[in-house]
1. With a cap of 15 neighbouring Cβ atoms within 10 Å, and only residues DSSP puts in a loop, list the GluC sites (Glu not before Pro) found in the range 88-138.
2. Between the DSSP loop rule and a limit of at most 13 other Cβ atoms within 10 Å, which chymotrypsin sites (Phe, Trp or Tyr not before Pro) in the range 154-194 are left?
3. Between LEU107 and residues 5 or more places away or on another chain, which pairs have amide H atoms under 5 Å apart, with H built 1.01 Å from N, and which residues are they?
4. Can you list which of the chymotrypsin sites (Phe, Trp or Tyr not before Pro) found in the range 37-78 are DSSP loop residues with at most 13 other C-beta atoms within 10 Å?
5. Give me, ordered by chain and number, the residues 5 or more places off ILE204 or on other chains with an amide H under 5 Å from its own placed amide H.
6. Applying the Karplus parametrisation 6.51 cos²θ - 1.76 cosθ + 1.60 with θ = phi - 60° to the phi angles of the range 115-129, what ³J(HN,Hα) value in whole Hz is obtained for each residue in order, glycine and proline being reported as x?
7. Order of THR106, THR150 from fewest to most other C-beta atoms within 10 Å?
8. Starting with the fewest neighbours, write out ASP104, ASP182 ranked by other beta-carbon atoms found within 10 Å of each beta-carbon.
Amino acid sequence: MTKISAVLLYLGGILLLASATSGCIAKRKLVYIPNPAFNTGSATNVANIQPEYQLQPKDVLSIRIKTLDPKTSDLFNLQSNTGFQPFDPPALFINGYSLDDEGDVTLPEIGKVNVRNLTIKEAEQKIQAKTGEYLGNATVLVKLVNFKVTVLGEVQRPGYFYVYNERVTLLEALGQAGDLTDFGERKNITLVRQVKGGSEAILINLQDPNLLASKYYYLMPNDVLYVQPAKAKLDRGNLNLLGFLGLFLSTITSGILIYQVFK
C-alpha cells in the first residue's frame, strides 16, 4: 500500500465514523416543561390568566339574531336561521360580518355597530342592546370566525388551522401541527403576534419550568409560531456531507489498491 493510499483510507475511515455517530440528541433536550414540582402523587396548581382578545378591523364575526318568530329573525340576519348551515372556513367567512377600517359591522335593518377594541362578550352585549331597539326578547349570539393559528418550521405538519373554541394553548397548537420533530429547537420558538400598530415577536422556551404560567401560553387569533431547527440538524447535514466525502475517498483508495494488485 502506498502512503497516498494509506492516508486516503485513514481519512475516509475518520469521516465515516464521524457520520455514523452524528445526529444523536440527548433525551433531556426533548422534554417539555421539566418542572421538578410536578409529581405523580398530587396535582400542581399553576396560576394563569387567559388574555381576552379585543376585536380589530378586518376581523370576521358570526352574528345570529334569534326571536320567537323565525320570519322576523330572518329580516335581521344575512342567512336564514332555519336549515343546515355548512361548517367550514369559506362558508363562515362568506356568511360572516367583517369589521371595516373603523371597526364597524353593518347589520341588516339595524345598521352600523362599532365593536372595535371590544371583547367578544362586550360586542355581543352591545349588539344585543342595539337589537333591543328593534326587537323585543331577541337573543344575540356572536362568535369570532377568523381565529386562525399558523405553525411553521420543524414540526410534523406545518400549516395553519382554525380554532372553533374560545381559546387555544401553545401546546394544543403544536399538537395540531403533529408536534415538533426531533430536530425542532425547543428552547427558541418564535411567536409573532399582531398588536396595535404592527407586530411583536418573542422567543418561547418549551423547557421553561414556568411555561404554564407565561402570558404567552394562551395564543391569540392570527398568531404565528416558528420552530427553529436545532443545531444537531445542521451538524447532521454537515456530517452527512463529510460521510459522503469519506465514502468517496474510500472508493478511490480501494480502486488504487486493486490497481496495484493486478497491474
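Each value in this text was obtained by applying a stated rule to the coordinates, not by laboratory testing. This is a predicted model, so every value here is computed, not measured. All Cβ positions, even for glycine, are placed from backbone atoms using ideal geometry, and neighbour counts span all protein chains on display.
1. Counting only loop positions with at most 15 other Cβ atoms within 10 Å, the GluC sites (Glu not before Pro) in the range 88-138 are GLU102, GLU109, GLU133.
2. Qualifying residues, ordered by number: TYR164.
3. Here the answer is LYS112, VAL113, since their amide H atoms fall under 5 Å of that of LEU107.
4. PHE38
5. Result for ILE204 returns ILE189, THR190, LEU191.
6. For the range 115-129, the Karplus curve yields 10, 4, 6, 9, 6, 4, 5, 5, 5, 4, 5, 5, 5, 4, 5 Hz.
7. Values: THR106 12, THR150 16.
If I rank by nearby Cβ atoms, fewest first, I get THR106, THR150.
8. Details: ASP104 17, ASP182 12.
Ascending Cβ contact count within 10 Å gives the list ASP182, ASP104.
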